[in-house]
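Chemist: Take this structure first; my questions come after.
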Amino acid sequence: MTHRRRLAGALLLGLLAGLLLAPSAQGAVPWRVDPADLSPGQRRASDDLLAQALAKLPARWRQALPADLPVQWRDDLPPHVRGHARRGRLLLDKRLLRDWQARPVPVPEGDAATRAALATVIHELAHVLDRSPQGGLSRDARLRDLAGWQRRPLRPGRGDNAFRDRSPDLYELRRPAEFVAVNLEHFVLDPDYACRRPALAAWFRARVGEPSPTAACVPALPFLQADDDDGRVSLLALDPSRVYAVDYLLAEGNEQAMSLWGHSMLRLVICAPGRPRGPDCRMDLRYHRVLSFRAYVGDVQISSWRGLTGSYPSRLFVLPLNQVVDDYTQVELRSLASVPLRLSPDEIAALLERAGRVHWSYDGRYYFIGNNCAVETYKLLHDGVARLAALPLSGITPRGLLRRLARTGVADPSVLDDHAEATRRGYYFDSVAAHYQAMFDVLRARLPVPQRDVEQWLALEPAQRRAWLPQADLRSAAAMLLLEQAASRRQELRARDTLKRTLLRGPDAAAPRAALHELLAQGGLLARPASLLDGEGYGLPQAPELARLAPQLQARNADTGQGWQALRSQARAALPPRERAAMEGTEHNLAAIGQRLRELGAAGADLARP
């Protein structure tokens, strides 16, 4: 035999050996199929299905499977069970095999029978992997963090998995082993799994290898954000590369029982379009957003008992920073402290991805003590950033969480040491209560008003305050304008309370009550964004889902804005005469002060002319 013939023969033998060892319908596979009750056609279909399932597994997963794995096709599995990994063997429902044989030729893309059969085999092979010496995936603490079995701050261990929205299969919430199996199905079979569940995809890649094929993901994360107090919402495409920093945002407490401890939030320092990522982004307040866990209240009353028993849903809201600052400092008269967290860009990206998963999927319960805003914020930091999961951060109060973040070096409270500098640089937002008093001091210094403090001034009837306007100069009139705006905000708060006590409980309350509950239901869509997608898809919504969502939001915003305007008109008509007169009097005062300022300004301009 010549050298060339010997070489060709060796190549042919090598090729045949490779074909025999490769997973295919005719080649050897790492399992032993029980031929009992299988026709020759079913045996060929079984080999084909098992080989295709094996070929889809990442190499590291295939290598971890035991050799000669027994497989039985059964007709006696329970109706809801398609497969079962038990005592080192696979039991598979023969209906899958029959459906596999009945597929049209050529098999269309996305064929349901193909998907069901492959998913079942991969699911059971995931259990085999998880129970193997190379597995233990479901026992990994980090996997449980990412999956949704969250740490409990007051008791050892973890709570139930409350990530019920936008799940590929609610069976994943049954226990961590089923979570691993369900998610490995989608990790292997869905090209866009890494776009829908990025952190979980990265975790699985590190342990079982890279799936194929995978889709290209857009960098921006979708959120549903509040636009104004009338319930209008819009989609926010948040690119982590534009987030310069994350601050722990603390709203200081007040005398209200549910606000006594303060409120925990996270501030996202987002750079304006075109601005390089850096410290100057802190000046782009218009683009900053706040992540805030709140108890979503589906009625107009807040019950302490319901809050203690977890009857309120806990939701992650995304709000403009300017709106949050106005609500706390001007309406609730509470100051805000914004304390930077020492996070790397990669950690910020991981935290934002976790926030996206919580925003679209989390359906928790809000407890004023055991699962409040501080606890939820701690869990978001713990589950979102692997480094923080190892630190003792758990606490049940907003200030307690801030102290732990500072003690472990994660937070930098030194930015608050100089109050004036902190205020100038946007690390501290003062309550306007002190500003209102300062404006009253200006007024009192220029007019002989008998009141001694701002509270006494605001307690006057609108006509009594307006009586001093003719004597006001430019500076005192400007102070009166700011104080009258404060009076207007207080009257709005009193009117809301009246709405709850009278308009919705009186003999003619049926129509406005129905209107209000409809508007609250619309607001609930912001609290539970997944409800807008009608069960379509799982994980983070992708471009086709978001495209279908946009016109829904536009129509909803139009209806919601009109609804709140109509309800406000009904509420004002239902106010007691004295309260309605006070609101109308304050509106008259605002108009009169504005006119006075224009007159004084024009007179000053005339005097300034040569």
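Chemist: Does R494 satisfy the criteria of being at pLDDT below 90, within 34 Å of the chain's Cα centre (by Cα) and open to solvent by 40 Å² or more (accessible area, probe 1.4 Å)? Steps first, answer last, please.
Modeler: Numbers: at pLDDT below 90: yes; within 34 Å of the chain's Cα centre (by Cα): yes; open to solvent by 40 Å² or more (accessible area, probe 1.4 Å): yes.
Spelling it out, R494 is indeed at pLDDT below 90, within 34 Å of the chain's Cα centre (by Cα) and open to solvent by 40 Å² or more (accessible area, probe 1.4 Å).
Chemist: What about L38, is it within 22 Å of T214 (Cβ to Cβ) and among the hydrophobic types (A, V, I, L, M, F, W, C)? Steps first, please.
Modeler: Details: within 22 Å of T214 (Cβ to Cβ): no; among the hydrophobic types (A, V, I, L, M, F, W, C): yes.
So L38 does not fit the description; no.
Chemist: Quickly run through the range 405-416 and pick out the residues that are crowded, with 18+ Cβ neighbours inside 10 Å and not small (G, A, S). Give the derivation first.
Modeler: Applying the first criterion (crowded, with 18+ Cβ neighbours inside 10 Å) to the range 405-416 yields 405, 410-411, 415.
Listed by number, the residues that qualify are L405, V410, V415.
Chemist: Looking for whichever is over 26 Å from Y378 (Cα atoms), open to solvent by less than 40 Å² (accessible area, probe 1.4 Å), touching a residue at least 60 places away in the same chain (Cβ under 8 Å) and among the aliphatic types (A, V, I, L, M) here; the options are L137, L125. Which one fits?
Modeler: On the way: L137 fails: over 26 Å from Y378 (Cα atoms).
The conditions single out L125.
Chemist: What is the residue count in the range 145-188 for residues that are over 25 Å from R528 (Cα atoms) and out of contact with any Asp or Glu (no Cβ under 9 Å at 6 or more places or on another chain)?
Modeler: 6
Chemist: Say we look at the range 567-597 and pick out the residues that are among the polar types (S, T, N, Q) and modelled with pLDDT of 80 or more; which of these is farthest from A467 (Cα to Cα)?
Modeler: Taking the range 567-597 first, the residues among the polar types (S, T, N, Q) are 569-570, 586, 589, 595.
With the extra rule that they be modelled with pLDDT of 80 or more, the set shrinks to 586, 589, 595.
Numbers: T586: 12, N589: 10, Q595: 15 Å.
It comes out as Q595.
Chemist: How do the pairs read when you match residues in the range 315-332 that are surrounded by 19 or more Cβ atoms within 10 Å (Cβ to Cβ) with residues anywhere that are among the aromatic types (F, W, Y) and in a helix (DSSP H, G or I), using Cβ under 9 Å and keeping only pairs 6 or more apart or on different chains?
Modeler: Correct list of pairs: P320/Y287; L321/Y287.
Chemist: Could we say that D48 is surrounded by 14 or more Cβ atoms within 10 Å (Cβ to Cβ) and under 41 Å from the mean Cα position of the chain (by Cα) here?
Modeler: Considered against the rule, which asks whether it is surrounded by 14 or more Cβ atoms within 10 Å (Cβ to Cβ) and under 41 Å from the mean Cα position of the chain (by Cα), D48 comes out as no.
Chemist: Restrict the check to the range 244-251 and report whether at least one residue is in a strand (DSSP E or B), open to solvent by less than 60 Å² (accessible area, probe 1.4 Å) and at pLDDT below 95.
Modeler: At the first step, the residues of the range 244-251 found to be in a strand (DSSP E or B) are 244-251.
Now restrict to residues that are open to solvent by less than 60 Å² (accessible area, probe 1.4 Å): 245-251.
Subset that is at pLDDT below 95: 251.
Among the residues of the range 244-251, at least one is in a strand (DSSP E or B), open to solvent by less than 60 Å² (accessible area, probe 1.4 Å) and at pLDDT below 95, which makes the answer yes.
Chemist: Please count how many residues of the range 164-183 are more than 27 Å from L57 (Cα to Cα) and in contact with a helix residue (DSSP H, G or I) (Cβ under 6 Å, 6 or more places away or on another chain).
Modeler: The initial filter retains those residues of the range 164-183 that are more than 27 Å from L57 (Cα to Cα), namely 164-165.
Filter once more, so that each one left must be in contact with a helix residue (DSSP H, G or I) (Cβ under 6 Å, 6 or more places away or on another chain): 165.
Number of matching residues: 1.
Chemist: Also, quick follow-up: Name the pairs whose Cβ atoms lie under 8 Å apart, with the first residue in the range 142-168 and more than 13 Å from H382 (Cα to Cα) and in contact (Cβ under 8 Å) with a residue 60 or more places away in the chain, the second part of a strand (DSSP E or B) and of a type outside the set (S, T, Y), and 6 or more positions between them or separate chains?
Modeler: The qualifying pairs are A162/G364; A162/R365.
Chemist: Looking only at the range 450-475, how many residues end up being buried (at least 21 other Cβ atoms within 10 Å of the Cβ) and either farther than 16 Å from A582 by Cα or of a type in the set (V, I, T) (or both)?
Modeler: 1
Chemist: Now for a separate question. Mind listing whichever residues of the range 267-291 are assigned to a loop (DSSP other than H, G, I, E, B), closer than 20 Å to A422 by Cβ and within 23 Å of the chain's Cα centre (by Cα)?
Modeler: Once the filter is applied, which keeps residues that are assigned to a loop (DSSP other than H, G, I, E, B), closer than 20 Å to A422 by Cβ and within 23 Å of the chain's Cα centre (by Cα), the range 267-291 yields D284, H288.
Chemist: Let me ask something else. Looking at the range 140-149, which of the residues that are of a type outside the set (D, E, K, R) and in a loop (DSSP other than H, G, I, E, B) is most open to solvent (accessible area, probe 1.4 Å)?
Modeler: Pass one, the range 140-149, residues of a type outside the set (D, E, K, R): 141, 143, 146-149.
If we keep only those that are in a loop (DSSP other than H, G, I, E, B) as well, we get 148-149.
Details: G148: 0, W149: 26 Å².
Ranking the candidates gives W149 first.
Chemist: Can you pull out the residues in the range 403-418 that are out of contact with any helix residue (DSSP H, G or I) (no Cβ under 7 Å at 6 or more places or on another chain) and not β-branched (V, I, T)? Full working, then the answer.
Modeler: The initial filter retains those residues of the range 403-418 that are out of contact with any helix residue (DSSP H, G or I) (no Cβ under 7 Å at 6 or more places or on another chain), namely 403-405, 407-409, 412, 414, 417-418.
Once the filter is applied, which keeps residues that are out of contact with any helix residue (DSSP H, G or I) (no Cβ under 7 Å at 6 or more places or on another chain) and not β-branched (V, I, T), the range 403-418 yields R403, R404, L405, R407, G409, D412, S414, D417, D418.
The values are calculated or read from the model by the stated rules, or taken from the named source; none is laboratory data. Note that the coordinates shown come from a computational prediction; the quantities given were computed from them, not determined experimentally. Methodologically, a virtual Cβ is constructed for each residue, glycine included, from the backbone with ideal geometry; neighbour enumeration extends over all protein chains shown. The protein model used for the area step is the full one, side chains on, heavy atoms only, and it has no ligands, DNA or RNA in it. Shrake-Rupley method; radii C 1.70, N 1.55, O 1.52, S 1.80 Å.
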